[in-house]
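Worksheet: one structure, shown below.
Throughout, read-outs are computed from the coordinates displayed, never taken from laboratory work. As the structure is a prediction and not an experimental result, all values here were calculated from the model. Methodologically, a virtual Cβ is constructed for each residue, glycine included, from the backbone with ideal geometry; neighbour enumeration extends over all protein chains shown.
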Amino acid sequence: MTDLLRRLLRTPQGAVAVAMLALILLLCLLGPELAPRDPEAIDFLGRFRPPGAENWLGADQLGRDVLSRLMVGARATVLLALLATLLGTLAGAVIGTLSAYLGGRWDEAIMRNVDAVMAIPGLLMALLLVSSLGKGSLNATLAIAIAFTPGMARVTRSVALAVRAQDYVKAALARGEGAAFIVLREMLPNVVGPMIVEATIRVAFAVMLFATLSFLGLGAQPPAPEWGLMVAEARRFVHQAPWIIIAPSVAIALTAIAFNLLGDGLRDALNPRDER
Amino acid sequence: MSASWLLRRLLLVVYTVLVVSVLVFGITQVLPADAAVTLLGENATPEALAALRLRLGLGDPLWLQYARWLGGALTGDFGLSMRTGQPVGPMMLVALSRSLLLAGLALALMLMVAIPLGLWAALRQGRAADLVTGLVSYLGVSLPEFVIATLVVMLFADRLQWLPATGYVPLTEDVADSLAHLALPVLTVSLIMVAHVSRMVRSETIDVLHSDYIRAARLKGLPGRSILLRHTLRNALLPVITIVALDVGYLLGGIIVVEEIFAIPGIGRQLIVAVTARDLPAIQAGAMIMAVTYALASTLADIAYALLDRRIRYD
């Protein structure tokens, strides 16, 4: 594990990503304590105050401090995106492993259905689910998790099949090792790596999807300081105060970039032989 | 490509449509504990609920409800909109035609930009041009559509006042005005796809450039232009077809958001309106039409791939 971290930090993407994510994680854990002001305190005299000494990133349409709202909102956006990815990955991993393990006709049948489900684009699937579960942060999280499941199932299956065909697994079979040993000691460690890479990149998607659902009014509800919702609410005031839009947009972009970089860095760290 | 492969591929589309229909029906009609309450709200009178249940046939067994719905859907009859009282099937198909115009223009613009850009980055691998395109495409995959759309509107509509920020003018009414209104949405959608596809073109081209047959072509002393056009491009672009097909699914999702922001009455915006108003028949029609469009697009891409790549022999 420490070896992996050292190799990750040696790649340029990995080093940048770890630094950015450390900051984001700090915001998630301590955001409400560190925020300079109350994120929900309304100040009508301070409406649309430009960035300056009073409000470092300016004030919004209700005079609320944009920086404080960003810091408090980190938790909602990032942690729920992580949760959604985790749930989707676990569900996908179970289906994918099962399919690869059963093989033959069962594998064929499961994968045909997974492919068919993937004909529904992710955002559409999330919209459908939110439309029947009802809007709200937790339902949006669940919807994203379900929307991710078929894709993760596909990835898991193909990784598991590739690992199954490796020489070291064949060697273990030839040695007469038990099924549990082969699955847990030989296959699992080699399946987990590519899965983590895929899941990390999907966190970036989840952050964007979650912000998009909130932006469309189907995820987090006002007055929550969720980043996508902040952009949606500020759109009418783009003439008076562009900073209300730019600040959360940059926050979403930086978070997504951080997870994308981490995914790329991990991929390089896990495949030390691949020179490109 | 044999006839039986084609037949099997088409059967797969039919199966996909069936699975999608079960999902769409299941998620929208079965998942809510009581569709009548969902439609009329918590405060509806028991009489109104009973009347609606009867009209929707909610008392019937599920398979019968599904069969009735699917039978209608296959003939384009998805029922009447809960919001407007109009048939939703034709409404969604008209909306789809507007979305396809937007999507087609975005796809064309994307291909015109992404392929040269990816090729250029690959040929300058590791140099400044490669790093800059890499950085820009990173930004492209890390910004959600609504952020790019908002930024594009801020720049081109508010600051520079070059183009209208929102609205839709039919192509048949005024071609120039119609295209002016489509410019920013097309730009938004294609920017994100350019980021995906140019990265893909770059890595495929680099793979091909390192291959044995390119080395052989160089050793034979073929001119650089011929190597690039006849040997590299052809082989590098084949896998890109698959990526573009995958991106169509992404494109359909992106269109939902972009149409909503730019107030284009396409299928995405209709779907959002339907979801917000809990208009079940409209949600079902919109979702089915979108998913079927995607399934058809990816099948066409598969067939195109098989036709273009002579190494692949499906049987």
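As a rough footprinting exposure proxy, the listed residues B:I227, A:I95 were ranked by other beta carbons within 10 Å of their own, and the order from fewest upward is B:I227, A:I95. Since only B:A301, B:A217, B:I283 are under comparison, the one whose Cα sits farthest along the positive direction of the charge dipole of segment B:89-308, derived from C-beta charges on Lys, Arg, Asp and Glu, is B:A217.
All other residues whose Cβ lies under 13 angstrom from that of A:R112 are scored, Lys and Arg at +1 and Asp and Glu at -1, for a net of +2.
What number, rounded to the nearest 500 deg cm²/dmol, is the helix-based mean residue ellipticity at 222 nm of chain A, given -39500 (n - 2.57) per DSSP H run of at least four residues and division by all its residues?
Values: 11 runs with 191 residues, N = 276.
The helix-only estimate for chain A comes to -23500 deg cm²/dmol at 222 nm.
For segment B:221-315, the list of trypsin sites (Lys or Arg not before Pro) that fall in a loop by DSSP and count at most 12 other C-beta atoms within 10 angstrom reads B:R310, B:R311, B:R313. By other beta-carbon atoms within 10 Å, ranking B:W63, A:W227, A:W106, B:W120 with the fewest at the front produces B:W63, A:W106, B:W120, A:W227. Approximating the spin labels as points 7 Å out from Cα along Cα→Cβ, the A:A19-to-B:L139 distance works out to 1.9 nm.
Can you give the helix-only mean residue ellipticity at 222 nm for chain B, where every DSSP H stretch with n ≥ 4 adds -39500 (n - 2.57) and the sum goes over all residues, rounded to the nearest 500 deg cm²/dmol?
-24000 deg cm²/dmol
Checking every one of the chymotrypsin sites (Phe, Trp or Tyr not before Pro) in segment B:226-298 against DSSP loop status and a limit of 13 other Cβ atoms within 10 Å picks out no site at all. Across segment A:138-145, coupling constants 3J(HN,Hα) worked out from phi with the 6.51/-1.76/1.60 Karplus curve, θ = phi - 60°, read 5, 5, 4, 4, 4, 4, 5, 4 Hz, and Gly and Pro carry x. Per-residue Karplus couplings for segment A:89-95, computed as 6.51 cos²θ - 1.76 cosθ + 1.60 with θ equal to phi - 60°, are listed in order as 5, 4, 4, x, 5, 4, 5 Hz, Gly and Pro entered as x. Across segment A:201-218, rounded Karplus estimates of 3J(HN,Hα) from the backbone phi angles (6.51 cos²θ - 1.76 cosθ + 1.60, θ = phi - 60°) give 5, 5, 4, 4, 4, 5, 4, 5, 5, 5, 4, 5, 4, 5, 4, 7, x, 10 Hz, Gly and Pro being marked x.
Counting charges near B:I255 (Lys, Arg +1; Asp, Glu -1) among other residues having Cβ under 13 Å from its Cβ returns a value of -2.
Multiplying the sequence separation of A:L4 and A:L173 by 0.36 nm and subtracting their Cα-Cα distance, what value in nm do you get?
58.0 nm
Computed on segment A:102-177, with alpha-carbon pairs under 8 angstrom and 6+ residues apart, the relative contact order is 30 percent.
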